[in-house]
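Input: a single structure, listed below in structure tokens.
Rule-based calculations on the coordinates, nothing more; no lab input. Values in this document were obtained by computation on a predicted structure and should not be read as measured data. FYI the Cβ positions are ideal-geometry reconstructions off the backbone, even for glycines, and counts take in every protein chain you see.
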Amino acid sequence: MTGRTFFNSVANGETDIVQGLLSILHQTGSTYCIIGGLGVNAYAEPVVSLDIDLVVISDHISDIRSVAEAKGMKVEEFEHSINLSISGSDLRIQLQTDTRYQEFLLHREQRDVLGYSMSVASLQDILRGKVWAYSDKARRKSKRQKDLSDIMRLVEAHPELRAQLPPEIVSQLD
């Protein structure tokens, strides 16, 4: 079973929503990079997630939104993201609208993630985003625990990253 087949079967994918997303990004000429757990999967042993978190150039969000709606996707707006979903898949796409992430686009690289060639934030930016997420006390504890686990996966795969972590996170890893 390929990574792509596995990913779609876990997401109960009657339709290949990841390929649909990549098509929308191509159609709108959008520069993007994957972040979050799927971004971690590009640099460490993969773990299944039903979220695709990504950053796009902020000027392209309205175009992506329009094309997604025209393709039958549900679009929901939240405080720090615009979420896309489609009937027939449990996968959720989250366009990050927090402006801090825009600079991640400058350091993106092409990587293979579960059978898809995608633009992914750099290893250092993926780590930085996970540190921001873990440090956000307003997030649910279960989300923060997953962020800490993602940080651990990155540090296990790339021990040199440990030196970039704040002391309060290093103490959680020990």
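Would you list Lys141, Lys74, Lys146 from fewest to most Cβ contacts within 10 Å? List each step's numbers first, then the result.
On the way: Lys141 8, Lys74 12, Lys146 19.
Least crowded to most crowded, the residues run Lys141, Lys74, Lys146.
Calculate the spin-label point distance for Thr15 paired with Asp136, positioning each point 7 Å from the Cα along the beta-carbon direction, and give it in nanometres.
2.8 nm
For the pair Ile57/Ala70, report the inter-label distance in nm, with labels modelled 7 Å from Cα in the Cβ direction.
Label at Ile57, label at Ala70, 1.9 nm between them.
Efficiency by 1/(1 + (r/R0)^6): what FRET value for Gln124 and Ser87, r their Cβ-Cβ distance, R0 = 41 Å, to the nearest 0.05?
On the way: r = 37 Å, r/R0 = 0.91.
Efficiency, from the Cβ-Cβ distance: 0.65.
State, to one decimal in nm, how far the label point of Thr31 lies from the label point of Ser171, with both points 7 Å from Cα in the Cβ direction.
Output for this residue pair reads 4.0 nm.
Assuming 0.36 nm per residue, please report the length gained on full extension of the stretch Asp98 to Ser23 beyond their Cα-Cα distance.
On the way: separation 75, 0.36 × 75 = 27.00 nm, distance 2.35 nm.
Between Asp98 and Ser23, full extension yields an extra 24.7 nm.
If I compute semi-axes √(5λ) of the Cα gyration tensor in Å from the structure I just sent, which labelled value in (i) 26, 18, 15; (ii) 27, 26, 13; (iii) 34, 30, 14 lines up?
(i)
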